[in-house]
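Input: a single structure, listed below in structure tokens.
What follows is calculated from the coordinates using simple rules that are stated; it is not laboratory data. All values reported here derive from a predicted model rather than from experimental measurement. Backbone-built Cβ (ideal geometry, glycine too); neighbour counts: all protein chains shown.
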Amino acid sequence: MGKWIYKIMGVLLLLYGLIYGLTASLPELPLLQQSSRSVFYHVPMWFSMVVLMGISVVYSIRHLRAIDPDSPKPALARRYDAGAVSAAQVGIMFNALGLLTGMVWSRVSWGENTPSSAFSAWWVWDPIQVCALIAFLIYLAYFLLRSSFTDGETKGRVAAVYNIFAFATLIPLFFIIPKMLPGLHPTAEGEGNVIFDKSKMSNEYRMILYPTMVGFIMLGIWVFELMFRTQRLRYRAESISADLSYENSIEQFSTQTPS
Amino acid sequence: MIRELYSLLLKEFWMEWKQRYALSGLLLYVFSMVTVIALTFVGGFNPVIWNITFWLIMLFSAIQTVARSFLSEPPGQLIYLYTLARAESVILAKMIYSTLILGIVGSLAFGVYALMAELEIEKPFSYLLLVFLGAAGLSTNLTLMSALASRAENRTMLMAVLSFPVVIPMLLVLIRAGKSLVLSSSTEFMNDAVVVVLGLTVVLGGISVLLFPLVWRE
């Protein structure tokens, strides 16, 4: 039962966010108009992504500790490796969704509604948008790195090392660099192009944004648990089939040799 | 530790001297790249584009320089090194060595590229400082990537794919600082650049040194 509480809570919070976020009457800003509702579905993606990448890094660190040569625990190490890769998979999905929702929103509020603006496209090269794209590339490279090993032990070790490094570059990407450059997001430096100020967000918005964010994070963790379980089963199936083929080869060998 | 580092650095220089063709190859690579890019400025010069292309030249030189540190070393030699020195000092020596080489190559490229494209810059030494800063940042960032890629199968491809996204944040800040230097010779972004690049260098370099022994182990 205890395991179900956060899943039910997550679904309820998301339902609240979906229904109330789309139907409630909210104060409007001149340029954003109704598109400001996107904030409920765009911002939580990034928070969920950072949470899931954090989970992934924790599993990577545990993996590296489990393969310590003084006291190696291969079974645990494989389990932690499965955790790291599943969390990164869900995280990169949130990354892609965040990019997509951001594109739709930017098309509406920076493109169509902005009179005589320089932007009319889906993609505007805003600093934080670029940083999010780079994060996407970094994690795609993580999966490419994983796929270019055949030996499971080296794969887990090298991938864990890269994952920790990638997370260390993710922090400046999301929290430092965008704040130094002028841009269109409310986190950017200067007042110039920013349509609204983050600290001026009204309480009606906050009342919907925060529960939806928690809901998305819970949903992310739920999906992660499912992926984690599948991955572990896959690893187990692989090791069983490896054992079977080993036994078969022994059998063949013993039948072939004349007794 | 210091003595170990010193002798490892000496070893790097000695190896470089023995394989002079590698260094001349790097210099020729950078020189050809500079020539090809500078050709595009014939007829119309644009300092903003000059600045961006210069950092692209730095990026590609960095990948070439750092890729040599682990990818081109024969495997037997690495095992030999493993028995002699600690992993931490090996990667630190590689980082310092790549920084020095990349700094020298980068400042040469800066001079040649500025001459060829007829750049008028008021504060060349601030820009050179930026070049050395970039050299330090890029080589610390890329050394671990080179070590990771050397363990995999499609090495050169993986080296590029792993490196590009990881260095972009640093590169963005450097390009920004360089742009304001070239355009208005203002140093307003220099402080930011120094803080961010040094911070990233120290943090990522520290992580690399911590994690490298794990990559290296057989």
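In units of the rule-of-thumb radius 2.2 N^0.38 Å, the protein assembly as shown shows an alpha carbon radius of gyration of 1.12. The order of B:Ser107, B:Ser98, A:Ser56, going from fewest to most other C-beta atoms within 10 Å of their C-beta, is B:Ser107, B:Ser98, A:Ser56. A 26 angstrom limit on the alpha carbon distance is what I want to check against. Which of A:Lys73/A:Lys155; A:Lys7/A:Lys179; A:Lys179/B:Lys179 exceed it? Too far apart for the 26 Å limit: A:Lys7/A:Lys179. By the count of neighbouring beta-carbon atoms within 10 Å, fewest first, A:Val223, B:Val34 end up ordered A:Val223, B:Val34. Per residue, the convex hull around the alpha carbon atoms of region A:210-259 comes to 28 Å³. How many angstrom lie between the Cα centre of region B:52-105 and the Cα centre of region A:16-55? The two parts, judged by their Cα centres, are 45 Å apart.
Legend: ranking of residues B:Ser126, B:Ser186 from fewest to most surrounding C-beta atoms inside 10 Å; resulting order B:Ser186, B:Ser126. Normalised radius of gyration (Cα atoms, divided by 2.2 N^0.38 Å) for region B:17-71: 1.34. A straight chain from A:Tyr210 to A:Ile8 at 0.36 nm per residue would run longer than the Cα-Cα distance by 71.0 nm. Size descriptors for region A:7-96 (Cα atoms only): Rg and Dmax, in that order, 19.4, 64 Å. Remark: mean inter-chain Cβ contacts per residue of B:148-157 equal 4, using a 10 Å Cβ-Cβ cutoff to other protein chain atoms. For region B:61-127, a Kirkwood hydrodynamic radius built from all Cα pairs, placed in the Stokes-Einstein relation at 10 °C and 1.306 mPa s, yields a translational diffusion coefficient of 112 µm²/s. A viscosity of 1.306 mPa s and a temperature of 10 °C, combined with the Kirkwood radius over Cα pairs in Stokes-Einstein, give a translational diffusion coefficient for region B:170-209 of 151 µm²/s. Against the compact-protein benchmark of 2.2 N^0.38 Å, the Cα-based radius of gyration of region A:42-92 scales to 1.30. With the convex hull of its Cα atoms as the shape, chain B has an orientation-averaged projected area of 11.9 nm².
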